[in-house]
Amino acid sequence: MKRILFAILLCVALGGCSGKGYEDMREIESFEIIRTLGVDYEDGMYTLTAASGSAGGGEVAVLTSRSVTIARALQKMQNYSTKKYIFFGHTANYLVGEAAAEHDLSACLEYVERGFDMRLDTNLFIVRGGTAKDAIAGASEKGEGVTEHLLALEKDVQILSENHIVDCGEAAEELAADGCTAITAVSLWENENVPLGEGKKGVQVVGSAIIKDGRLVGWADVDTARGITLLTNRFVSDAAELPDGRGSYMAVEMSEGETEYFARFSGDRIEKIIIRIKLQGNISEMESPADIYDERVISEIERVLAENEVERIVNVIELSRRLDADFLELKRELELKYPRQLRQVAGTDVEDCEMEINVEVEVKGSYELGVSPAERRTREHDR
Amino acid sequence: MGIFKKRKNSQWHPRPKERFTEPIGRDYLKQILGGSDDFTEKGIYIGGDPKLRATLCYVDGVVSSESVARDVLRPATQPERFADISDLPTAVELILHGGVFNFNVLLRRRMDDVVNDLLSGFCALVFDGLELALTFETRTGDKRSVEQPTMERSVKGARDAFNETYRVNTSLLRRKLRDPALRIEERSVGRRSRSRVGMVYIEGLTNPEFTAQLRKRIEDIDIDAVLSTGNIEEYVAPCRSIFPQTIMTERPDKFAIGILEGRVGLLVDGLPMGFLMPANLPDFLRVPEDNSMHWLMASVLTLLRYAALLISVYLPAVYVAVTMYQPQMMPVKLLLSIIESRQTVPFSTAAEVLGMLVVFELLQEASLRLPQSVGNTVSIIGGLVVGQSAVEAKVISPVVVIIVALAGITGFTVPNQDMASALRLCRLAAALLALVSGLYGVLFGSVLLLWRLCSLECFGVAYMQPLAGEGTLRPWRALVKPPVKDGKERKTFLKPMDVRNQK
């Protein structure tokens, strides 16, 4: 028994029971849980805007504070209320205003990396054409709040492979490794036609922000961002619409997509990079009177789809060349693929290399129950 | 613990080897027992001959008057039986060898034995001149019938339970184990209660070390009376741990299974329980029904009991630790919901949880001590009415009610009541540690608990066997019950003399 008492006293003396524990203790109802944090930069100072979370559609609190460093601004935010403790441990979204990203995104990520308040898996967004404060305050005016908007966006953009939302940890890692990355860009939108009780303002995805050497250098539009998603092997699914030239459309649901990179070496450098993309899909809607049992028709659909994809890829590569930014992480990809030619890969400016784009699209089939609209129209025409 | 140690100035009274040392005689016996109104003595003439005088003594209520009259008094006074007898020694010889219709006749030459017999359901014929007595077993037949177990309910197993009558209990066991090697060694324990205690084992199977240890421990018991299970348990398994050191059961089938596994058992007169030793933690999470189920189902249920044990001990503690120290560990939706529900609660989380744990214990105690019908009412009023009203009045948050109720319910899944009680203490201690230093405290408490459990031994067998201890460990045997045909060996850590239990 004496040994046990001694062990308890020892642990009390050395461990968390030294009185420090009580200091850390807080009643849970005194917490203001911050779900979205925005950072803007103006006149050498950071402005932080935080939106709290609420259970079951309650009021969302929006707080702001300003200081030279983000850490200090966060501490100042604690003065918001004497009763409440502002808790950043559950921050789900981190919005960086355009000015702050242009100034230095790495500096904005610095606090997330080093501090223990926020998590590395916090989603990162760049606000295009505005400030994070406007986006957060605007989207939190009424309804679900900015957090719910952004969490919904995260799922929506993946469904159509429009974008890939990176978290702060991922972004910091890519910036440290390649110096470049593409981050989802959002902007505030306003819509008059909303159901009663919901907010008129919200946030929407408007492509990707291209970051180079820790700074915002350019933007990719929504379609180009879709190409980036495919080229970085983050494709989930997509729905392509094809006009048939007769005024009607067919939709092909792309369910699988894979990109592979190959390099042809010449001396100390890469001579050519071959990008091979394989896409698979099914016809999900068909209004045009095309005979999908005819292999030539299917081949034609596949060709058109491949051409569209090539066009999109070319846009991405041109953007990469124009900004001189390897946001596709091509170099890292090739270094991993060709470890024996590491020197050649390192010595090549991959964005400027000759590129061969090879897209293969396979339309696997469709489902028919009864008579399709196309067949119905053909029959009517015959009659 | 110092507070329970013997005081320095207290005098130790050694147990007297022989309490009544004078020769056997009617007057001396009256002096010993005569002060009590239920002591009855009656002078008789053996075979109706006034020269052959004896005194018939018994304690009313302990013996059956009818049996005394029919089986002792009547044959002893019939002249035709003793027609040729002219002196007392010959008469005693004749009675001892069938002159009286009683199969259990004992010749006593010490007053101690006579008094013991009288108090144990015998009547005595005291022969003053010879300084001896003959005692006859004429025990009363008043006893509780064999009923269903109340604490360890059976679904598919046998429905009989031990009762307070020692001999009934041994007979129930004999009916289960008709093994000639089954041994029941009886001793008398208790200075004043003189209770019969039977050590049960199977010769050639049970490890002799266990029987020798238990025999010695029983002999060393020097206590006024054995009237409760604790009186005997703390002597035969002398350990101050809150965790039970003996498997206590009211079910003869469970007792028999334990004996067959190689344990040594103990039956005590007056207690409707059997004790099995040595005990190990996994044994407290098994029920005899496991043997009646498919092995997979039994194993899943055992795993569930382990999970329930952990939930029961740690759920309130983890809730306190996470909400007060590490809220980042909680899913955000749950966190927001808890914050919302706690906005109007006037107590701190710790006070709320600890208070509710105490209230839960009080409710449990209240419903246990009251008659069954009233007990149910208390449970309903306490659990439903007070609980719901407290939540509606926003005195406590609904989450805490759920947490404490879950911890309580999962605690009830532990089949052994002693183990469940020990877990209740652990639950409270873990919650207090969580209050002091969050998850660090819970972790520290867990390490301490594990250390204590791993250092416990019962009859030289590690308490955590087969999860931890010496020799070849088979941890899976604690969690998984193998199919009957695959479990050909008894538990090796019990060191049985006969290892195989089937072909």
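Just so it is clear, none of the values below were taken in a lab; they were calculated from the coordinates. Just so we're clear, the structure is a prediction, and the values are computed from it rather than from any experiment. We place every Cβ from the backbone using ideal geometry, glycine too, and count neighbours over all the protein chains shown.
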Sorted largest first, extent of segment A:36-162 alpha carbons per principal axis (Å)
39, 36, 26
For A:E362, list long-range residues whose amide hydrogen, built 1.01 Å from N in the peptide plane, is under 5 Å from its own amide hydrogen.
A:L279, A:Q280, A:G281
Output for segment A:76-162: chymotrypsin sites (Phe, Trp or Tyr not before Pro) sitting in coil per DSSP, at most 13 other Cβ within 10 Å, listed by number, reads A:F116
Could you compute Rg(Cα) / (2.2 N^0.38 Å) for segment A:230-383, with N its residue count?
1.33
Loop trypsin sites (Lys or Arg not before Pro), segment A:73-170, which have at most 16 other Cβ atoms in a 10 Å radius of their Cβ (DSSP):
A:K83, A:K84, A:K142
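Computed over the Cα atoms of chain B, what is the ratio Rg over Rh, Rh following Kirkwood?
Numbers: Rg = 29.3 Å, Rh = 26.9 Å.
In chain B, Rg relative to Rh is 1.09.
Among rounded, prolate and oblate, which fits the protein assembly as shown when a ≥ b ≥ c are the square roots of the eigenvalues of its C-alpha gyration tensor, a/c under 1.5 means rounded, and a/b larger than b/c means prolate? The partial results should precede the final answer.
Values: a/c = 3.29, a/b = 2.64, b/c = 1.25.
Prolate, since a/c reaches 1.5 and a/b exceeds b/c.
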Assuming a ≥ b ≥ c are the square roots of the Cα gyration tensor eigenvalues, decide whether segment B:146-229 counts as rounded (a/c under 1.5), prolate (otherwise, with a/b larger than b/c) or oblate.
oblate
Can you bin every Cα-Cα distance in segment B:307-455 into 10 Å intervals starting at zero and give me the percent of pairs per bin, rounded to whole numbers?
11, 38, 35, 14, 2
HN-Hα J couplings of segment B:215-226 from phi, Karplus 6.51/-1.76/1.60, θ = phi - 60°, integer Hz, Gly and Pro as x?
4, 5, 5, 5, 5, 7, 5, 10, 9, 4, 8, 9
Would you calculate the convex hull of the Cα atoms in segment B:2-137 and tell me its volume per residue in Å³?
137
Test of the criteria: in segment A:260-323, which chymotrypsin sites (Phe, Trp or Tyr not before Pro) are in a DSSP loop and have at most 16 other Cβ atoms within 10 angstrom of their Cβ?
A:Y293
Determine the distance separating the Cα centre of segment B:437-503 from the Cα centre of segment A:283-328; give it in Å without decimals.
65
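Which pairs break 20 Å Cα to Cα here: A:K155/B:K333; A:K76/B:K333; A:K84/A:K133; B:K481/B:K503? Let's see the in-between values first.
On the way: A:K155/B:K333 17 Å; A:K76/B:K333 26 Å; A:K84/A:K133 22 Å; B:K481/B:K503 18 Å.
Result: A:K76/B:K333; A:K84/A:K133 exceed 20 Å.
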Using only helices, what value at 222 nm comes out for the protein assembly as shown when you add -39,500 (n - 2.57) per DSSP H run of length 4 or more and divide by the total residues, to the nearest 500 deg cm²/dmol?
-12000 deg cm²/dmol
Could you give me the ³J(HN,Hα) list for segment B:135-152, computed from phi with Karplus coefficients 6.51, -1.76, 1.60 and θ = phi - 60°, whole Hz, x at Gly and Pro?
10, 10, 6, 9, 4, 5, x, 6, 7, 6, 6, 6, 10, 6, x, 9, 8, 10
Phi angles of segment A:119-128, converted by Karplus (6.51 cos²θ - 1.76 cosθ + 1.60, θ = phi - 60°) into ³J(HN,Hα) in whole Hz with x for Gly and Pro, give 8, 6, 8, 6, 5, 10, 9, 10, 8, 8
Using the Cα atoms of segment B:354-434, I'd like the radius of gyration and the largest Cα-Cα distance, Dmax, both in angstrom.
13.1, 38
With the cut-off at 17 Å, report for segment B:196-292 the share of all Cα pairs above it, as a whole percent.
49
Summarise the partner chain shielding of B:436-447 as one whole number: the mean count of Cβ atoms from other chains within 10 Å of each residue's Cβ.
4
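When you count, for each residue, the other Cβ atoms within 10 Å and take the mean per peptide, how do B:63-70, A:321-328 rank with the highest first? Present the calculation step by step, with values, prior to reporting the outcome.
Values: B:63-70: 16.9, A:321-328: 18.6.
Packing proxy ranking, top to bottom: A:321-328, B:63-70.
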Rounded to 5, the percent of DSSP beta bridges in segment A:230-383 classed as antiparallel:
65
Amide hydrogen neighbours beyond the local backbone of A:S140, cut-off 5 Å, H modeled
A:V146
Too-long pairs where the Cα-Cα distance tops 27 Å, listed order kept, from B:K156/B:K495; B:K216/B:K254; A:K212/A:K272; A:K212/A:K278:
B:K156/B:K495; A:K212/A:K278
